[in-house]
Amino acid sequence: MGASWWDEYNDGIRRLQDRGGGEGIAVLSDEMCALLEDVDAVFAAAGTPGWPDPHRGAEPAEDEYSRCTHPEKYEIVSARARAWTTVLRARGWVREGAAPNWSLPPLSPGGDAVVLTPTAPGAVPLVVVTHAPSGSDDLVTVTVAAGDPAVCLATVPDCGCDACDGGSDALLEDMDQWILSIVDGSLSVRARDGHVAIGTSFGGCRGTDQRLREPAEFRAAPWPAGWTSRPVPPSGLGELP
């Protein structure tokens, strides 16, 4: 079994800092790593198989863009989401929330939504929506959202075609980083007038989105007491028009 993504991430930051770089980038704390290890243990117990990157840095074939050979393998993302909600409930940081009101809804309608509302002041709810396949050629996707009204942060996977398949580790890391950012309080969101800007300690994105139903703006606080959030670089959020 190889090193976890968070151990590799921390090692990379330390190497960068040893060379005089990485200013303003913090390693994941022992508490964050322990949380991720708990999630990983619950996930491993489910026995959902992963798979390596089929391309390993090579360019995909042209016909891979039009097919998804094994859509059933993407059940792994719903298994990871269940592991996260199981651990967060067990830690006693949350109460069950009502059905979400949406500022920026998921790309796919419907789905099975779980809302975990933290008890800490200033912390924002986590919304996890699992979209089951509608046919034999479809795949499971999970939407990760935050806030009330909720803002969709990511859909995992964002594309299920064979060409975009980077292996299961990349999917799990993507989901982990989004959910960890919510729990850690290292998340800033501005959404208004068709523009959305999202920043986390892992990076940021901004753009236009016509799905936006109502404005939302927040800077999250950590769920656990006595927890120090990772910094969110200003450049990761940007300014809205």
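Quick notes on this structure:
- With a simple spin-label model that places each label point 7 Å from the Cα along the Cα-to-Cβ direction, the separation between R89 and R213 comes to 2.5 nm.
- Option label - Kirkwood radius over Cα pairs in Å computed here, alternatives (i) 17.6; (ii) 18.7; (iii) 18.2: (ii)
- Cysteine residues of the chain whose Cβ has no partner cysteine Cβ closer than 4.7 Å: C33, C68, C152, C161, C205.
- The packing ranking of peptides 77-88, 131-142, 11-22, highest mean first, is 77-88, 131-142, 11-22, where packing means the average number of other beta carbon atoms within 10 angstrom of each residue.
- Computed log₁₀ I(q)/I(0) - Debye formula, equal Cα scatterers, no solvent, region 133-241, q 0.10, 0.20 Å⁻¹: -0.33, -1.11
- Exposed-loop-free span, longest in the chain, where GluC sites (Glu not before Pro) count as exposed if DSSP calls them loop and at most 12 other C-beta atoms lie within 10 Å: 24-238
- If you plug the beta carbon distance of H55 and S108 into 1/(1 + (r/R0)^6) with R0 = 22 Å, you get a FRET efficiency near 0.30.
- Dividing the summed -39500 (n - 2.57) terms of all DSSP H runs of n ≥ 4 by the residue count of the chain sets its mean residue ellipticity at 222 nm at -9000 deg cm²/dmol.
- Basic side chains Lys and Arg get +1 at the Cβ, acidic Asp and Glu get -1 at the Cβ, and with that the dipole of the chain about its Cα centre reaches some 880 debye.
Computed from the coordinates by the stated procedures, all read-outs in this text should not be read as laboratory data. Only a predicted model underlies this, so the values are computations on that prediction, with no experimental measurement involved. Reconstructed Cβ throughout: ideal geometry from the backbone, glycine too, with neighbour counts over all protein chains shown.
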